[in-house]
1. Going by the structure shown, is V82 modelled with pLDDT of 95 or more, in the same structural domain as A159 (by TED's automatic domain parsing) and more than 34 Å from the chain's Cα centre (by Cα)?
2. Please work out if G127 is in contact (Cβ under 8 Å) with a residue 12 or more places away in the chain, within 22 Å of L205 (Cβ to Cβ) and assigned to a helix (DSSP H, G or I).
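The values are calculated or read from the model by the stated rules, or taken from the named source; none is laboratory data. For clarity, every value in this text was computed on a predicted model and none was experimentally measured. For neighbour counting, all protein chains shown are included, and Cβ atoms are generated from backbone atoms with ideal geometry for every residue, glycine included.
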Amino acid sequence: MSEPKLPGWIRVLLPARQSVNARERLRVVAGALLGLTLTAMLSQWLAGPLSLHTWLLAPIGASAVLIFAAPASPLAQPWAIVAGNTVSAGVGVLCALWIPNPLFAAPVAGALAITLMFTLRCLHPPGGAMAVLAVLAHAGHTEFAVSLAAANSLILVLAGCAYNPATGRAYPHRQMAGPRPAGTQALQSPASDLEAILARYNQVLDISRDDLEALLIAAQQQAYGRRLGQLLCQDLMSAGPASVVFGTSLEEAWALLRERHIKALPVIDAARRVQGIVTLADILRSAPLDRHASFAARLLEFLRPSGLSHSERPEVVGQVMSAHVLLARQDQPAAELLPIFAQSGHHHLPVVDGQQRLVGMIAQSDFLRALSSSAPTALSPGAAFVASTVSPVGSTPP
């Protein structure tokens, strides 16, 4: 059943559908209940003889929504909550002392709190409410107002640090991109298209840059998988690939790579089972190319067999090959190989049959040909954004 067409101004006001299921909603509600209860009880104990009406500050309820419903949000991280609420409470108290009329003190406190939260990288929406509340409810308990905001925030954060991981949600959630594993091919960081687009967007996003990049890459891979459809590895592979054995000389392997215009050779045994893979890079890494002679002369000297029964330098492919090689099955869906090619640094995969015998080779270029030959599909605005910000698979040379 199609949705009724509504005027544009009405559609702008309508909320988007939430993608969380009932189990996640129950997790959020239970976490907020436990977190606020613990915060209230411990804060009341810390408040001691002070009024029972001041042991839990109202903006903490909004902080609980962020901690338990959006634990990955930059606005919900421990520093944002504790520093944002505490600084804002202090600003509110100072404005109440310096500006007698609350009608003017409250807006000034809210604006100054936002300014400081931006400066200290602790932007937290309930902080604005905390500043206004400190002005309107200020009753001479200056030190208590600030310390209580800090205590409320810290207790709630500690509750979130215990509850969220226990229920399958990372918290605190990393906000800065960490070092990538060697060979990982994701967006080109730091000077990536994503960085440029975020700079042009110039608005606060309720998602970390690292998470946004991960979502875009996942969307790209899913889109590629959809376009690949039901293709199997045997549909994309190059059948009957050139191969070598452990004892093949480096000179012969180099000549075969140059003759076939390929960059990798599977190394097989007598039963055609894959023992490893040797690439142009493997051979070049083993060659002594740091001496003062022409590159071609040094390479030819290295590849030429010494004729000795024992040699200190490698002479056969088994001595330079990569023994740990990922294999693809010929009946495996081709889309399953996308993460391997996109993120692990692999450019060629041997394809084997049910008896683990070599039947073909599949490369990143095979995926590109399959994608280019697929019928183009209409992109939604979100998919178009993904397509404009991610790098094509296979953009890094072997």
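1. Criteria not met by V82.
2. Taking the combined requirement at face value, the residue satisfies it.
Here is a yes/no grid of residues against (1) farther than 22 Å from L34 by Cβ; (2) touching a residue at least 40 places away in the same chain (Cβ under 8 Å); (3) in a helix (DSSP H, G or I); (4) not aliphatic (A, V, I, L, M):
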| residue | (1), (2), (3), (4) |
| --- | --- |
| A80 | no, yes, yes, no |
| G90 | yes, yes, yes, yes |
| A106 | yes, no, yes, no |
| F118 | yes, no, yes, yes |
